[in-house]
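Written out below as structure tokens is the structure these notes cover.
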Amino acid sequence: MDLIARQFYDLKFKLAFYERGGTAFQGFFCDIMDKAHPGDFQRVRPYGREGDAKSDGYLASEQTVFQVYAPREMKERALLRKIADDFKGAQESWGSRMAGWIFVHNDREGLPTYAHQLLVDLEANNAPIKVGNWSYEPLRIKLFALSDADIEAVMGPPVSREDFDSLGFEQLRPVLLAIQTGEPPNSPEIRPVSAQKLAAN
């Protein structure tokens, strides 16, 4: 993979990671894991009265259950309930077949302190089960450890040096016309931070 293709996939991964939510993000995660662990990683889909057994994927060789969560907005009460309920449900459903539990999310800022504390407490109170969370970097490492063919299968065809070399005015005309006729974006008003907030922080 050349530098241009790598940079293209880096950008495409970032966009997919942060812009996909719900089942779309879950599918993106499972696509990468399928390629990273063929025949080992198992997608889990809801079925009948049992649902999905509180898991979105299972890595058999490590006996690890994955729970994916990508809401439009992280809210404290819903997040804590999601972690606690899904861990308990997975523990009940998988029993001794669960040696690890990973909470996968796509929050831009990372999990808040209270969520990290809950994950630490879950591991401490449920030994020997290993509890953790994955966000941007672990999944990015999984993707770029794949072969070029598998990366393309997940992310689509790359941009190449030849694509740039063949780029001319005719290809750029629609972009330039859109810029010319479009309205400029509104810049949000930047207000001064209050002295009370600065002191509190």
Rounded, prolate or oblate: which fits the chain, taking a ≥ b ≥ c as square roots of the Cα gyration tensor eigenvalues, rounded meaning a/c under 1.5, else prolate when a/b beats b/c?
oblate
Of the GluC sites (Glu not before Pro) in the stretch 84-166, those whose Cβ has at most 14 other Cβ within 10 Å and which sit in DSSP loop
Glu109
Under-5 Å amide H pairs with Gly57, H placed in peptide plane, nonlocal only:
Val44, Phe66
With -39,500 (n - 2.57) per DSSP H segment of 4 or more residues and division by the full residue count of the chain, the 222 nm estimate, nearest 500 deg cm²/dmol, is -16000 deg cm²/dmol
Does the stretch 1-102 come out rounded, prolate or oblate by the C-alpha gyration tensor, with a ≥ b ≥ c the root eigenvalues, rounded set by a/c under 1.5 and, if not, prolate when a/b is larger than b/c and oblate if not?
oblate
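Between Gln117 and Arg77, what is 0.36 nm times their sequence separation minus the Cα-Cα distance? Round to one decimal in nm. Walk me through the numbers on the way to the answer.
Details: separation 40, 0.36 × 40 = 14.40 nm, distance 1.40 nm.
13.0 nm is the gain from fully extending Gln117 to Arg77.
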Using Cα atoms only, what is the angle between the long axis of helix 3-19 and the major principal axis of the chain, expressed in degrees (0 to 90) to the nearest 10?
60 degrees
Just to be sure I understand the model, the point goes 7 Å from the Cα along the line to the Cβ. What's the resulting Phe144 to Arg45 distance in nm?
3.2 nm
Working with all protein chains in place, sort Phe8, Phe41 by solvent-accessible area computed with a 1.4 Å probe, largest first.
Phe8, Phe41
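At 0.36 nm per residue, and after removing the present C-alpha to C-alpha distance, how many nm does the segment from His37 to Asn125 gain when stretched out fully?
Details: separation 88, 0.36 × 88 = 31.68 nm, distance 2.96 nm.
Answer, rounded to one decimal: 28.7 nm.
Give, rounded to the nearest 20 debye, the magnitude of the charge dipole that the stretch 68-140 has about its Cα centre when Lys and Arg contribute +1 at Cβ and Asp and Glu contribute -1 at Cβ. Walk me through the numbers on the way to the answer.
Values: 10 positive and 10 negative charges, 31 e Å.
That gives the stretch 68-140 a dipole magnitude of about 140 debye.
To the nearest 20 debye, what is the magnitude of the charge dipole of the stretch 11-121 about its Cα centre, counting +1 on the Cβ of each Lys and Arg and -1 on the Cβ of each Asp and Glu? Please report the intermediate quantities before stating the final value.
Details: 16 positive and 16 negative charges, 53 e Å.
The calculated dipole for the stretch 11-121 is roughly 260 debye.
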With springs only between Cα atoms under 10 Å, which of Glu189, Glu73, Glu19 fluctuates most in a Gaussian network model of the chain?
Glu189
Could you pull out every residue, at least 5 positions away or on a different chain, whose amide H is within less than 5 Å of the one on Asn133? Hs are placed 1.01 Å off N in the peptide plane, and Pro or chain starts have none.
Phe103
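The values are calculated or read from the model by the stated rules, or taken from the named source; none is laboratory data. Only a predicted model underlies this, so the values are computations on that prediction, with no experimental measurement involved. So basically every Cβ, Gly included, is an ideal-geometry build from the backbone, and we count neighbours across all protein chains shown. These accessible areas exclude ligands, DNA and RNA; they are computed on the full protein's heavy atoms, side chains included. Shrake-Rupley method; radii C 1.70, N 1.55, O 1.52, S 1.80 Å.
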